């Protein structure tokens, strides 16, 4: 590098050339360094996302089949698939409007004239869409090469010939040429604009922004079109069978429910509740609503209703809170606003409890039940793990002999091999009469239980006299054992992380609290808990998301006799894929799961913004 | 949960020193009875916790040394230690093969990870290039992807690659190793570490005429031993414990890794509980040994990064 500068004729020009050469060389080296990792992560980490979408739009049983559109999503989620599709469209349109408004404000501030850039951006983004179409046309041809080389001597030449053939298929050629032409036209237009029409320092940003606007618009139109055709074909299918369906009213009902929930959420951040009253009220309200529901339906409750009723109850609760706040509102306007909010939320509650379940009852039962099992699993593990972990951490965070040893052992269940550890649970909680836990129960005089083979819900087993309908019987005993495994694994992990969190709380705070006369409990409540909230938030996020992704121990502890009552979302996806070989359907379910995890993460981080105290 | 007396012990802990005996004594003198009861309670709970944490492991080892009759009966400890169970699992249960498979898979995966992740992490930490931030954020999005989304597409990709390429991927080492040879998490971890290394080191290396590769290999790597150990340990554990993907891409014993093999064994040899437990002990042993030797990396690395095990 230094040599290049030395050899250059003029020192100044040489320095410049040397610098340019050097930064180019640096970039090349960087790309070379990054390339292998990106090849692998791109192929097995990023590409799968796009590929999943592609597979999920097709009937795909081991080999690719016909194009189905959103059919498989509709099959899995019923009405909710349409709602999700339409709402995504709304979000995309919102993004477009927002982006255009931003551009407008910026241009007013700076005095630019950005709107001319809409033209080259439109052409370029059309080119990009055409390019994607080219990839979609090319893709099956490339995929089919694997079929063509079956039973033939595999050589590199053969592969390259076949690849060349795929490249020259008429459709591929035409889509490729149009995409290239339009793309080049777009770029040329952009170049021309920057030279002669609307030059300016910010033109590149406008160009990029408008390209993104058009891409969002295009995606919105495509998704909207897909969803609408899906709804139409559902109506057509129903008409053929002589049934009448009311998809639109269901979609409307669910959408209003969602809007109201978002409103509730926004309002809730402005209200202050005492934690215990909230919990008690929500639980009590939930019990009441469930009771009412049971009376009405005489025990006919499905899994999905059980998932949505709590949401309705929460909305009801908030409507009550809004009503309370309204009474104390200082101004008439505030009063009206709160009363309106309360009515809106009443509406949301009613819609969620009454309308939504019928809107999605035709969905894939295994899937909804899988989600219900996942929720059970979260409810029966995460709070217990966190409390246990915090309790043990506080005990350990004292002047104790052998602290390192305790920590070593507590962490052990977390680091072991999940298959091996779960296999012991299979032995301990086996349904054999002579199995360890059953023997222990016999010692105390309790009858044998089926444990991992027991599909019956635990509430039903606790109160055998009552005739509890299946959906209310709680997680099956088998799932409960799996929850025990989860607690066993994660309690120690939480202990270790909480210990680290406790170590970072400054001691003077405790001393100050002690001087002010705070007792142990008050110190814990007002110093330890708030200062630990980032740790608690981190652990709960990891735990909830981890639960939605969990697979290994669930698979090991799965027993046929438990009749699928332990199958969570991941297990359902794995079975659809591996056992039923429905690749397309499994992809659709996996993408829905991913969306769910994304939404959960977003809600979690919103809650964190409001509740977590970072010193 | 912190009393006046203990707040002083808290402070001394924060200072990283052993508690001076004088302070504890003064705390005890203030309220001797209460502290003792509290301490007894503490130890009782902690020991009970240890028992729960250990019991499954104890049961695993104990059952693995029983006869079949004892294992399915109501025995707590075997009357005669049946070491033969291990030979049976190792030889007849083919755990020797599975063990060797997993060792090979781990070696290939981890060496790939070291090479590819170090290179990428170095570029992200040290070199300026166009699109760096974009590429890095693209990389981080893969951390959000649940494994379930990748099953179907990766299975199709791997089958395709095996059909068109010179060697099959399914039921062979490539499907089990290559997809895991680079991970966004490791690149992120290493990049954070490399970014802390002072620029002076690079300047002086450059003056000595070293290029990026030489600087990376001869200077950066030797001082990054701690970070690399973490990467190796995580890679080892991830690869050793993997279940879903190996079950998808292996259906014969030839390359079946040990976790998938143990799962297979649990299904196939349903009633041979003692052999199953012997297999479980064989599967778990390398992990436990590593944990005992590199405990610090585990508790610090995992606790601070929140890696799922």
Inset, instruction - Working carefully through the options B:187, B:167, find the one that is surrounded by fewer than 15 Cβ atoms within 10 Å (Cβ to Cβ) and either under 30 Å from residue B:257 (Cα atoms) or within 21 Å of the chain's Cα centre (by Cα) (or both). - result: B:167
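Table: residues versus (1) assigned to a helix (DSSP H, G or I); (2) out of contact with any strand residue (DSSP E or B) (no Cβ under 9 Å at 6 or more places or on another chain); (3) buried (at least 19 other Cβ atoms within 10 Å of the Cβ).
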residue	(1), (2), (3)
A:200	no, yes, no
A:208	yes, yes, no
A:212	yes, yes, no
A:219	yes, yes, no
A:225	yes, yes, no
A:231	yes, yes, yes
A:237	yes, yes, no
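Each row is one residue, and each column tells you yes or no for (1) touching a strand residue (DSSP E or B) at 6+ places or on another chain (Cβ under 7 Å); (2) within 10 Å of another protein chain (Cβ to nearest Cβ); (3) closer than 29 Å to residue A:494 by Cβ.
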| position | (1), (2), (3) |
| --- | --- |
| B:52 | no, yes, yes |
| B:55 | no, yes, yes |
| B:82 | no, no, no |
| B:94 | no, no, no |
| B:101 | no, no, no |
| B:108 | no, no, no |
| B:112 | no, yes, no |
| B:120 | no, yes, no |
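Matching residues to (1) in a loop (DSSP other than H, G, I, E, B); (2) in contact (Cβ under 8 Å) with a residue 40 or more places away in the chain; (3) surrounded by fewer than 18 Cβ atoms within 10 Å (Cβ to Cβ):
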site: B:120; (1), (2), (3): no, yes, no
site: B:124; (1), (2), (3): no, yes, no
site: B:129; (1), (2), (3): yes, no, no
site: B:133; (1), (2), (3): no, no, yes
site: B:139; (1), (2), (3): no, yes, no
site: B:145; (1), (2), (3): yes, no, no
site: B:150; (1), (2), (3): no, no, no
site: B:171; (1), (2), (3): yes, yes, yes
site: B:174; (1), (2), (3): no, no, no
Inset, instruction - Kindly indicate whether any position in the stretch A:562-579 is more than 23 Å from the chain's Cα centre (by Cα), part of a helix (DSSP H, G or I) and more than 28 Å from residue A:431 (Cβ to Cβ). - result: no
Inset, instruction - Scan the stretch A:181-188 and give yes if some residue there is part of a helix (DSSP H, G or I), over 16 Å from residue A:131 (Cα atoms), at pLDDT 90 or above and more than 12 Å from chain B (Cβ to nearest Cβ), otherwise no. - result: yes
Inset, instruction - Inspect the stretch B:66-74 for any residue being modelled with pLDDT under 90, surrounded by fewer than 17 Cβ atoms within 10 Å (Cβ to Cβ) and either touching a strand residue (DSSP E or B) at 6+ places or on another chain (Cβ under 7 Å) or at the interface with chain A (Cβ under 8 Å from one of its Cβ atoms) (or both) and give the result as yes or no. - result: yes
Legend entry - Of all residues making up the stretch A:406-424, the number that are part of a helix (DSSP H, G or I), within 21 Å of residue B:283 (Cβ to Cβ) and at the interface with chain B (Cβ under 7 Å from one of its Cβ atoms): 13
Inset, instruction - Please specify each residue of the stretch B:88-106 satisfying the condition of being in a loop (DSSP other than H, G, I, E, B) and within 19 Å of the chain's Cα centre (by Cα). - result: none
Inset, instruction - Find all pairs meeting these conditions: Cβ atoms under 7 angstrom apart; at least six residues apart or on different chains; first residue within the stretch B:276-293 and under 26 Å from residue B:68 (Cα atoms) and in the same structural domain as residue B:69 (by TED's automatic domain parsing); second residue at pLDDT 95 or above and part of a helix (DSSP H, G or I). - result: none
Inset, instruction - Look at the stretch A:27-45 and say how many of its residues are facing chain B (nearest Cβ under 7 Å) and either surrounded by fewer than 18 Cβ atoms within 10 Å (Cβ to Cβ) or under 16 Å from residue B:216 (Cα atoms) (or both). - result: 7
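Residues are listed down the side, and each one gets a yes or a no for (1) in a helix (DSSP H, G or I); (2) in contact with a helix residue (DSSP H, G or I) (Cβ under 6 Å, 6 or more places away or on another chain); (3) on the phi < 0 side of the Ramachandran plot; (4) surrounded by fewer than 19 Cβ atoms within 10 Å (Cβ to Cβ):
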site	(1), (2), (3), (4)
B:213	yes, no, yes, yes
B:218	yes, no, yes, yes
B:227	yes, yes, yes, no
B:230	yes, yes, yes, no
B:233	yes, yes, yes, no
B:237	yes, no, yes, no
B:245	yes, no, yes, no
B:255	no, yes, yes, no
Inset, instruction - Confirm whether residue A:590 is assigned to a helix (DSSP H, G or I), within 8 Å of chain B (Cβ to nearest Cβ), touching a residue at least 24 places away in the same chain (Cβ under 8 Å) and in contact with a helix residue (DSSP H, G or I) (Cβ under 6 Å, 6 or more places away or on another chain). - result: yes
Inset, instruction - Looking only at the stretch A:478-494, decide whether some residue is out of contact with any strand residue (DSSP E or B) (no Cβ under 7 Å at 6 or more places or on another chain), on the phi < 0 side of the Ramachandran plot and not in a helix (DSSP H, G or I). - result: no
Inset, instruction - Please work out if residue B:109 is assigned to a helix (DSSP H, G or I) and either farther than 21 Å from residue B:234 by Cα or out of contact with any helix residue (DSSP H, G or I) (no Cβ under 7 Å at 6 or more places or on another chain) (or both). - result: no
Legend entry - Qualifying residues in the stretch B:280-298 (those that are more than 8 Å from every other protein chain (Cβ to nearest Cβ) and surrounded by 18 or more Cβ atoms within 10 Å (Cβ to Cβ)) - the one nearest to residue B:90 (Cα to Cα): B:282
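The values are calculated or read from the model by the stated rules, or taken from the named source; none is laboratory data. Since the model is a prediction, treat every value here as computed from it, not as a measurement. Note that each Cβ is placed from the backbone with ideal geometry, even for glycine, and that neighbours are counted across all protein chains shown.
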